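Quick notes on the structure that follows.
Nothing in this text is a laboratory measurement; each read-out follows from the coordinates by a stated rule. Bear in mind the structure is a predicted one, so any value in this text is a computation, not a measurement. We place every Cβ from the backbone using ideal geometry, glycine too, and count neighbours over all the protein chains shown.
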Amino acid sequence: MAQLSDDCFAFGGPMLSVDSAIDLIIARAQPLGAYERVSLMQADGRVLCEDLAAGFPLPPFANSAVDGYAVRFSDLVADQPTSLPVVGRVEAGAAAQVLATGAAARVFTGALMPPGADTVFMQEDVTLEGKSVILPAGLKRGANMRPAGEDVQAGEIALCKGARLRPQDVALAAALGAHELNVAQRLRVGVFSTGNELAVPGGERSGSQIYDSNRFMLLAMLARLGCAPHDLGVLRDDPEHLAGALKAAAGEHDLLLTSGGVSTGEADYVKNALERIGSLTFWRMAIKPGRPVAMGVIDGTPFVGLPGNPVASFVTFAYVVRPLALALMGAHVAHFQPLPVRAAFAYKKKAGRREFVRASLGFAADGVLEARKFPREGAGLLSSLTQSDGLVELREDV
Ligand code: AMP
Ligand code: MG
């Protein structure tokens, strides 16, 4: 059945495309520039606010990649096995002596290469004969040896300003000897729900109410972005109450979010409140689900009014709030990079609008990865999100 409320574009103001909205956010959102120093254990998910240059190479010294025998390549006989006396032993973490010419040294993974040695035979590939080792022919110079700096060179920028630190980034910082990092302070994001129909989970619910779910989804998504989400509860559909609460909260947060109350219904007061106490940047995007999304500024604090329908709220969070929150923390923000996938479904969309289809991925009989659409389409269906792997992006020109 056609959804009339989604098709009444003719009466709307100018529609912003998804890409223009993201570009606008990237261009206008200035990093707050508030930093703190955190230990490596607190660094995961945070935004690095300065380049981290390597003070020394990684690995710091040439070392063996295997358990085996280190030799000078020039001591090997071409095209036939070579027998060399084993003269030294270097374990990981131990000092190494210069390797005498015409000798091999027993070495272990991670051990310093004895100076002079340039090639390592794996212990599985050799045979021992008394105090000598028989080395097969055919190994290349430098085999099984990890040169100093093969990972990161001294002076190289190992981690860039604006990176959102992942476990592997934290590991690289640790390998370079850092124990604390300068990161952006967590963005303080206040989250309100709006609507007289909303009851609070754990409390009573009347026959005409639903439990508020958006607030908990948004708070959880913000936490995953490395923000400090603040639960500001539910606002009733009352223009005075709404304007007052938003204005009071603006002073105490770096970003404010609401859900609900931004469409064209008579009880949709968020846009009006925003126009009264702040300024409206845009409020309609050419996106489905999620068209009514209001963005603006209240006393210098950015504000996003997300749609009330949970799926619309989820999608617009990903395409508006996520880039905005990251940009305010000084993180590199890029458009999502979609990957092509075969559609295992038929779907009719409107040209000029970006639409997202909730889908799961699976392999078809011919081995090709395909997207299978969730059978129902309503923007209120939370199960369509819990039972899908992601969103299929159908661009404006489709
Ligand atoms: P609205 O944009 O306020 O008209 O809301 C659109 C739809 O989303 C209505 O069905 C609301 O009941 C629902 N809705 C609004 N806010 C929430 C919320 N916080 N949690 C769950 N559903 C909501
Ligand atoms: Mg409402």
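Given 10 Å bins starting at zero, what is the percent of C-alpha pairs of region 325-398 in each, up to the one with the largest pair distance?
Here the calculated profile for region 325-398 is 17, 40, 32, 11, 1.
With N set to the residue count of region 177-327, report its C-alpha Rg divided by 2.2 N^0.38 Å to two decimal places.
In units of the globular-protein estimate, region 177-327 measures up at 1.04.
When 388, 213 are ordered from fewest to most other Cβ atoms inside 10 Å of their Cβ, what list results? Don't skip to the end; give the middle numbers.
Details: 388 19, 213 16.
In order of increasing Cβ crowding within 10 Å: 213, 388.
Treating only the Cβ atoms of Lys and Arg (+1) and Asp and Glu (-1) as charged, compute the dipole magnitude of region 317-365 about its Cα centre; round to the nearest 20 debye. Please report the intermediate quantities before stating the final value.
Details: 8 positive and 1 negative charges, 59 e Å.
My answer is approximately 280 debye.
Starting from a Cα-only point model with no solvent, please compute log10 I(q)/I(0) by Debye for region 49-196 at q = 0.13, 0.16, 0.17 1/Å.
Each listed q corresponds, in turn, to -0.67, -0.84, -0.90.
If each Cα of region 129-225 is one equal point scatterer, what is log10 of I(q)/I(0) from the Debye formula at q = 0.17, 0.18, 0.22, 0.24 Å⁻¹?
-0.93, -0.97, -1.18, -1.28
Please state the equivalent ellipsoid semi-axes for region 175-262: what are the square roots of 5 times the Cα gyration tensor eigenvalues, largest first, in whole Å? Please report the intermediate quantities before stating the final value.
Numbers: eigenvalues 205, 54, 13 Å².
Working through the eigenvalues yields semi-axes of 32, 16, 8 Å.
So what is the relative contact order of the chain, in percent, for Cα pairs below 8 Å that sit 6 or more residues apart?
Values: 857 pairs, mean separation 67.2, N = 398.
Relative contact order comes out at 17 percent.
For residue 140, list the aspartates and glutamates whose Cα falls under 16 Å from its own Cα; do not include residues on the same chain fewer than 8 positions away.
The qualifying aspartates and glutamates are 75, 79, 118, 125.
How much of the calculated P(r) for the chain lies past 37 Å, in percent of all Cα pairs? All intermediate terms of the calculation are to be shown ahead of the outcome.
Values: 35282 of 79003 pairs.
For the chain, the fraction of Cα-Cα distances above 37 Å is 45 percent.
Ranked highest first by the average count of other Cβ atoms within 10 Å around their residues, in what order do 252-259, 171-178, 197-204 fall? Mind showing how you got there, number by number?
Numbers: 252-259: 24.4, 171-178: 15.4, 197-204: 13.0.
Ranked from most to least packed, the peptides come out as 252-259, 171-178, 197-204.
Would you grab the residues whose amide H sits under 5 Å from the one on residue 133? Only those 5+ places off in sequence or on another chain, please, with H modelled 1.01 Å from N.
84, 86
Can you tell me which lysines have their Cα less than 20 Å from the Cα of residue 373? Leave out same-chain residues fewer than eight positions away.
Hits, sequence-local ones excluded: 288, 348, 349, 350.
What whole-number distance in Å separates the alpha-carbon centres of region 343-364 and region 135-188?
40 Å
Roughly how tilted is helix 239-250, in degrees to the nearest 10 and between 0 and 90, from the longest Cα axis of the chain?
Between helix and principal axis, roughly 30 degrees.
Rank 264, 301, 101 by mean-square fluctuation in a GNM of the chain with C-alpha springs under 10 angstrom and give only the top-ranked residue.
Among 264, 301, 101, the largest mean-square fluctuation in the Gaussian network model of the chain belongs to 101.
With equal scatterers on the alpha carbons only and no solvent term, can you work out the Debye log10 of I(q)/I(0) for region 239-392 at 0.18 1/Å?
Each listed q maps to, in turn, -1.09.
Could you state the orientation-averaged shadow area of the convex hull built on the Cα atoms of region 259-346, in nm² to one decimal?
The number I arrive at for region 259-346 is 7.4 nm².
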